[in-house]
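Working notes, beginning with the structure itself.
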Amino acid sequence: MTRVLFVCLGNICRSPGAEGVLRAKAKSRGIAVAVDSAGTGGWHVGDPPDDRMRAAALDRGYDLSAQRARQVSPDDFETFDYILAMDASNLATLKDIAPPGHGAVLRKLLGKDDVPDPYYGGEDGFEHVLDLLEGAVDELLEEIGS
């Protein structure tokens, strides 16, 4: 079973959205994955995803209500096969804290592009992020499902 960790800054918008999208799409395709999300920062630890992300995700059939924010830990680099950052800043932080010789694939979810942080914007930003996440998760499932 492939293990995937999505990482953003606070673990309340982008990475929980990605977790919910992957969980649902993998289940519908019969692909066994273990999925989680985390933040590089710890100020939202224990909080549910942002209300706007939960609502936008639920409108698309992704239930994020059971998720709670957590911070990335050194153990994650041994637990997960893929650690996928939402942007260059979070990827840089992950590279800084990664233990030497870890076995995870560490990269940005969208390759060279960033998933923009919708936190300070309007509702449209959450829809845009979900559009990006759905496309990226489809590509990831092609990669890990083959």
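Observations on the model:
- Test: E142 is open to solvent by 60 Å² or more (accessible area, probe 1.4 Å) and in a helix (DSSP H, G or I): yes
- Residues of segment 64-76 that are out of contact with any helix residue (DSSP H, G or I) (no Cβ under 8 Å at 6 or more places or on another chain) and open to solvent by less than 20 Å² (accessible area, probe 1.4 Å): D76 alone.
- Selection count, segment 25-63, where residues are of a type in the set (G, A, S), open to solvent by less than 40 Å² (accessible area, probe 1.4 Å) and within 12 Å of L141 (Cα to Cα): 1
- Some residue of segment 92-102 being at pLDDT below 95 and small (G, A, S): yes
- Scanning segment 106-114 for residues that are in contact (Cβ under 8 Å) with a residue 60 or more places away in the chain, surrounded by 15 or more Cβ atoms within 10 Å (Cβ to Cβ) and closer than 22 Å to K25 by Cα turns up at least one hit.
- Of the residues examined, G42 is not one that is on the phi > 0 side of the Ramachandran plot and not hydrophobic (A, V, I, L, M, F, W, C).
- Residue in segment 124-131 that is more than 14 Å from I12 (Cα to Cα), open to solvent by less than 30 Å² (accessible area, probe 1.4 Å) and touching a residue at least 24 places away in the same chain (Cβ under 8 Å) present: no
- Among the residues making up segment 5-52, those that are part of a loop (DSSP other than H, G, I, E, B) and more than 21 Å from D96 (Cβ to Cβ) are I12, C13, G30, I31, A32, G46, D47, P48, P49, D50.
- Residues satisfying the stated conditions in segment 63-77, i.e. over 12 Å from L94 (Cα atoms) and touching an Asp or Glu at 6+ places or on another chain (Cβ under 9 Å): L64, Q67, R68, A69, R70
The values are calculated or read from the model by the stated rules, or taken from the named source; none is laboratory data. Just so it is clear, the model here is predicted, and its values are computed rather than measured. FYI the Cβ positions are ideal-geometry reconstructions off the backbone, even for glycines, and counts take in every protein chain you see. Note: accessible area is taken over every heavy atom of the protein model, side chains too, but ligands, DNA and RNA are not part of it. Shrake-Rupley method; radii C 1.70, N 1.55, O 1.52, S 1.80 Å.
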